[in-house]
Amino acid sequence: MRAIVEARRSATSGAARIGAFQPVRGARVVLRLFAIALAPERPGAISKGSGFLRMVAEQVRRDRVWKRRVAAFLGSAVLLAGAASVGPRLLRPNAYASVTSIATRPDFHDPALLARAWALPVAAAYRRRPYEYQSNPSFCGPATVANLLRSLGVDFSQADVLRGTAFQPWFGVLVNGLTLDELADLMRRRLDRPVHVVRDLTLPAFRDLMKGGNDPDKRLVVNFHRGPLFGRGAGHFSPILGYLPDADLVFVGDVNGDYRPFLVDSERLWRAVATRNSTSGKTRGLLIVDTTGH
C-alpha cells in the first residue's frame, strides 16, 4: 500500500515538473536534439553537437558585429558628407541677420488675401489634392515636383519622384540637395513636357512672369534663398500658386510645413531669386512648365 502511495506521489511530482517546463529550456532541448541529429551516431555525439552549437553561436555573433560595424561606417560616411556640405554654411556668418522677416508683415498669412489667392485658377488646381510638405529639409525639390504632378491629376509621392533617377538619397537625405538645372532634368523625366529654366530677370520681366503664374496651362517653380525673405535659411524650392496683381503679391506654395503657403511682394521675392547657388555657381531662377506641350 505504501509503495502505491509513493508511486502516486512520484508521478504527481513528475507531472508538476513537466507542467513547470519553461520555453527557454524547451528551446535548449530542441537545439540539443538538432545538434545530435547532425552529429555522427557514435559515443560522444552529444559533446560534438554542443561544439556545433557553439560554432553556430559564434558565427551569429560575428555576423552581428560585422553588421554593426558596417552600419556605423555608413552612418559616419553620411555624417561626414553632410558636414562637408552643411558645415561651411553653418560656420559662415549670416549675411541676412539684419533682414526683417516677411513673416512679420500683415499680408504674409492674411486670411482674406489667402482666400483670394487660393481661388486663383492654378492655386485651385493644387488644392484639389492635399498639399504635401517636404519629408525632411533636403526634400524641397522632390516635394515641389510631387505637388506639381498632383495638381495635374497624377498622384506621386516625394519618394516616387526620385525613384529610378540619379538623385538617390543616403539614408533618406539628399546630402547636397538639388540645383535648379538638376530639378529641371528631374521634372522633364517625370512630366515628359517642356521645362524651361529662366535666370537673371529684370524686376519688370519677373513681374510679367508672375502674372503668367495664373495661367492654368502653365506651372511655375521658384528657386530662392530664404535669407532675403526671412533673415535666415538657405536655398529652397516651391511652386508658384498664383499672383494678385492689384496688391503685387506672389502666392508661394512653400513646401516647408513650418511656413506653409504665403504671400510676398514681387520685388522681395525677386531679390531672393537673384542670389547665387554656391554648388552650381549660377544664379537661382524659375522653372516654367508648359502643361499642354509635348
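Points worth noting:
- Residues in region 217-226 include none that are surrounded by 22 or more Cβ atoms within 10 Å (Cβ to Cβ), assigned to a helix (DSSP H, G or I) and modelled with pLDDT of 95 or more.
- Taking the listed residues LEU203, LEU178, LEU186, the one that is within 25 Å of ALA247 (Cα to Cα) and of a type in the set (A, V, I, L, M, F, W, C) is LEU203, with no other qualifying.
- Meets criteria (modelled with pLDDT of 95 or more and more than 24 Å from ASP110 (Cβ to Cβ)) for ILE288: yes
- Hits in region 189-216 - residues which are open to solvent by 70 Å² or more (accessible area, probe 1.4 Å), in contact with a strand residue (DSSP E or B) (Cβ under 7 Å, 6 or more places away or on another chain) and at negative phi: ARG193, HIS196, LYS211
- Residue pairs meeting the criteria (Cβ under 6 Å; at least 6 apart or on separate chains; first without any contact (Cβ under 8 Å) to a residue 40 or more places away in the chain, in region 152-174; second of a type in the set (Ser, Thr, Tyr) and open to solvent by less than 40 Å² (accessible area, probe 1.4 Å)): LEU174/SER138
The values are calculated or read from the model by the stated rules, or taken from the named source; none is laboratory data. Computed from a predicted model, the values in this text were never measured in an experiment. Note that we place each Cβ from the backbone using ideal geometry, even for glycine, and neighbour counts take in every protein chain shown. When the accessible area is computed, the model is the full protein with side chains, heavy atoms only, and any ligands, DNA or RNA have been set aside. Shrake-Rupley method; radii C 1.70, N 1.55, O 1.52, S 1.80 Å.
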